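Only one structure is covered here, and it is reproduced in the block below.
Throughout, read-outs are computed from the coordinates displayed, never taken from laboratory work. Bear in mind that the values here come from a model prediction, so they are computed numbers and not experimental data.
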Amino acid sequence: MDRSKQIVRVSIIGIIANIVLVAFKSAVGLISGSIAIVLDAVNNLSDALSSVITIVGTKLANRAPDKKHPYGHGRIEYISSITIAIIVLLAGVTSFKESVESILNPEAASYSTATVIIVAVAVLVKFFLGRYVKSQGTKYNSQSLVASGSDAIFDSVISLSTLVAAAISMIWGISVEGYLGVIISIVIIKAGVEILMESLSEIIGSRVDGDLSRRLKESVCAHEGVHGAYDLILHRYGPVKTIGSVHIEVDDCLTAREIHNLTRQISLDVFREYGIVLTVGIYASNTDTDEATKIKDSINLIIEDYPEILQIHGFYFDPETRRASFDMIVSFGSDAPAIREDVLKKLKKVYPEYGFDILLDTDFSD
Ligand SMILES: [Zn+2]
């Protein structure tokens, strides 16, 4: 089964479990007269809603690319997880409000042994459902499922707190439900904000995971004739579609035919291994000049004074035009153009007879 079908299947299990629990708990809550348990039942309803949103989001995201959206619709998944994060947040805020109210106006609820047993069962069902949905979400890289699973786990914690409060009230005759509720609400609100931030960050465009970018560059460099891989840029269009580009350094004596074969092979291998569509650009590196090595050594010496310079690459010295060019990556937050001018000035001093071009690159990936 493919990813989207699995996500829908997990969500349907979630919906069924939640609907059964809603009916179950509402009945118990009404019989025992516990507002907390009825509220809890309503929470289960919102959980079923999060599964519905996951299904709708996955179906919409899975639509084939079209002329208007040639990159596909995968980013809809971020929007559905944002929607679920808002549901988690609202649940947290509601629970906070109810808890504060119950501290200010304590109402005695009666707990029968039957109630306690039934709520305990609900806690267990919810907890294992939440864990299952969350683990499947991680497995299929679905933020919506992870958010939905977290929501279910929080519900089980809320239910557990009503149980604990019931036990305390039965043994010592004091009501702690409100205080427990406040603490749990704060934890839920914090988690809701975190899920929201994560999805928003994906929409804004976030840094590629360092582990992936390093592995990808290693795979590219494993091809014969590649001296280095730089400027890796990856654009994610949802959890399953990624396109990007990389620059590789090759000997300046390669022919177009050789470069063609090499770059094609790299794109093919990267697609097979990572499912990423990668465009490969070329930097030439000098093969037979001592002059180039001399200049390169001087550059390395000069940039030692600048901890803000993270990397230089793509160095090439053209003996005909007597120009040297290279790219420089300067850390975010530092004055890159000023550093560039500084380095240029120092280079001109050492080599007044040569021209220099320094291109500023962005620190896109590790
Ligand atoms: Zn570059």
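Of note:
- Other-chain or far-sequence residues with amide H under 5 Å of Arg323's (modelled H): Asp318, Gly355
- For the range 110-265, convex hull volume per residue from C-alpha positions, Å³: 130
- Cross-link reach list, lysines versus Lys126, counting only Cα pairs under 16 Å and skipping chain neighbours closer than eight places: Lys25, Lys134
- The range 279-305 and the range 8-30 have Cα centres spaced 65 Å apart.
- Convex hull volume of the range 122-174 per residue (C-alpha atoms, cubic angstrom): 50
- Degrees between helix 143-172 axis and first principal axis of the chain (Cα, 0 to 90, nearest 10): 40
- Once the Kirkwood radius over Cα pairs is known for the range 3-204, the Stokes-Einstein relation at 25 °C and 0.890 mPa s delivers a diffusion coefficient of 141 µm²/s.
- Over the range 209-366, volume per residue of the alpha carbon convex hull, in Å³: 121
- Note: relative contact order over the chain, using C-alpha pairs below 8 Å and six or more positions apart, is 14 percent.
- The relative contact order of the range 3-204, computed from alpha carbon pairs under 8 Å that lie at least 6 residues apart in sequence, is 27 percent.
- For a straight C-alpha distance cut-off of 16 angstrom, the aspartates and glutamates reachable from Lys241 (same-chain residues fewer than eight places away being disregarded) are Asp2, Asp66, Glu77, Glu202, Asp209, Glu273.
- Using just its DSSP H runs of length 4 or more, each adding -39500 (n - 2.57), the chain gives a mean residue ellipticity at 222 nm of -22000 deg cm²/dmol after division by all residues.
- Centroid-to-centroid separation of the range 50-98 and the range 312-354 [C-alpha atoms, Å]: 47
- Directionally averaged projected area (the chain, Cα convex hull): 24.7 nm².
- Reach of Lys345 by Cα under 22 Å, taken over lysines that are not fewer than 8 positions away in the same chain: Lys294, Lys296
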